Every structure is written in C-alpha cells, then in structure tokens.
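In what follows, a single structure is set out as structure tokens and then discussed.
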C-alpha cells in the first residue's frame, strides 16, 4: 500500500500557537513502516520538519517542504526488580503517559504533569518541570535515521542531555525521528516536593504525606493557574529558556539586583529565572497588537487573536534585546522557529 501525502496542507490544527500556515506537503505517520517508505521515495533528501503535538514551534511563514506529523500511539511496561520500564510511542500525548504511570503507581513523572506536547519530543527537548528533568528517568529511545533509512536505539549517554537540550537539537538536528521512548522508573523512588510552589500548595491542602497522584494534581493546578490553556489561547508554553550564568556573572548580577530569582546548579553555575528578567523589563501583561505577554507568567507569549508568527517573533526579539540591555544576559528561545 502506498503512502498518502497531502499537498498545500493547512497547519492551524497542529500548532498550539494557532498560527495560520500551510505546508507544501504533509503526511501523518501512524506506523513505523511509513517512515521507511518516505525514505525509499527520497523525500527525506528534501526539506522536512517533524511535528508531534505542535506545542514547541512557531511558524513565521508557510513551510516550503514536507511536514512529518508523528501520530504513532501505544503504551506498555514491564517490571524488573525494583524498576519498571515504560515504553510509549512517539505520538502519545505526554500528559496521557504521566497519568498512565500514576494509574499504575509508577513514580517519577508526576512533577512533569500537564507539560504540553508528545512523547517523541520529550528527549529532544529534555523536558522538565518543578525539580525533575526527563534525563532523570530516561532509559532509551528508538529512532529512524532519515539518512540511512534504518532504525537505531539511543541509550541515555548517547543522547547528550543537558538543560533543555540533547544531541537531537545539536549534532543530529533534523536527522533522527523518535518513534518510541522507554523510561526507567524506580518503584520506590523518593517523591520530589522541594519546589516551593508544590510545597506551598500541599500545605494549603493539608497534605503532609502526598501520593504521586497528589503531586500530579498539585502540579497540574499550579500550571493551570499560571499558564494559559493552549486550547483556548494560542501559545507554546515557556517561550524562553532560563539562562545559565557563571559564578562571576552571578556575583555581578546580585550586586545590581539582589532580589533576582535564581536556582543553584553544580559546577558553580546559576540558573536565572527568565520570567523574572522579562518582568523586570516591563513586559509582563504587555500587549502589542494581537501579541500578549501572559499577565501571570512573563515567560509565555500568547496569540491573543489572529497574530502572525512573524509578529510574535518580532516581540520575542524585542524582549531579548531589552533583557540583554538591562542585565547583560542573553535569552535563548525554547521554541523552534520556522
């Protein structure tokens, strides 16, 4: 059976910014064999981009090439000793996987509840939230090599994980398509409730010995309170990464701005809250045309109406310049720009 490729396909329904854009060609992938067929027809030798949930991309123009929309689904697990290995297909919704683990009493993902996007994108971005990062629970991923046309498996070390980064965003950017991910979860893992917002919300609910379900519900509540729902207001979550600076740069920052919000990192580095930096530059709640900086979280840029991708990009550029001017810190976009 041949493959079905749509031409001049609208992309509004598969990008959470709800940007009106189209692609020359579009294919929805529901089986691994379809990637092999695309390769055999030489389509990966041309321009292509892989989309999952479309929650980490900003289209600034129509896409001149092939959009590969990953929609393979399926979840399974097996227990070995004190560990459970959970494998999910790349097209699975990330939050569905989180709640699958909670329903089976598998700890480790609860702090990352309600992060938008798909399972396949999780190792690319090394997603994380509230004191937990994907690399803490990652075991391996299966990926299609668009150059050789073969499937390969990457273990944790081969992925080159760092803060919101992996080898799939650097050396291998655009080459591999992740079709499934396996997570290694310790059945007796300690719960992580040290993050301030989680701790405060648990205290408000008078929960002193939280379950993983309690933590996921609290995290979900915090995210809903702070962040706009992409199904209601176009956005891609955090638009910028929290910048990491050296000890000397941190000392200089604290001399001028002693109230700066930061997190200690190993190797005498410091992660500075990008939302705080942006807010100090007067951007929180500010609207330019149909582009609105979310009033409850300055890290989030939203499409308040029918903004174009280029308009959103222009605002992000102004924010980067303002933060650099005021703090001498360079913000880096977390969102893929097309």
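The values are calculated or read from the model by the stated rules, or taken from the named source; none is laboratory data. These figures come from a predicted structure and were not determined experimentally. Ideal geometry is used to build each Cβ from the backbone, glycine not excepted, and the neighbour counts take in all protein chains shown.
Just a few scattered comments:
- Residues satisfying the stated conditions in the stretch 161-175, i.e. farther than 19 Å from residue 137 by Cβ and exposed (fewer than 15 other Cβ atoms within 10 Å of the Cβ): 170, 171, 173, 174
- Boolean, residue 47 is within 20 Å of residue 168 (Cα to Cα), touching a helix residue (DSSP H, G or I) at 6+ places or on another chain (Cβ under 8 Å) and modelled with pLDDT under 95: no
- Residues (over 11 Å from the mean Cα position of the chain (by Cα), in contact (Cβ under 8 Å) with a residue 12 or more places away in the chain and not in a loop (DSSP other than H, G, I, E, B)) located in the stretch 97-132: 97, 98, 99, 100, 101, 102, 110, 111, 132
- Helices (runs of 4 or more DSSP H) wholly inside the stretch 225-338 that include at least 1 residues being within 25 Å of residue 63 (Cβ to Cβ): 309-327
- Close pairs (6 angstrom Cβ cut-off, 6 or more residues apart or separate chains): loosely packed, with under 14 Cβ neighbours inside 10 Å in the stretch 3-22, assigned to a loop (DSSP other than H, G, I, E, B) and modelled with pLDDT of 90 or more anywhere: none
- Qualifying residue in the stretch 163-176 (condition: within 26 Å of residue 37 (Cα to Cα), part of a strand (DSSP E or B) and outside the structural domain of residue 38 (by TED's automatic domain parsing)): yes
- Candidate set from the stretch 283-312 (those that are surrounded by fewer than 16 Cβ atoms within 10 Å (Cβ to Cβ) and touching a helix residue (DSSP H, G or I) at 6+ places or on another chain (Cβ under 8 Å)); member that is modelled with the lowest pLDDT: 296
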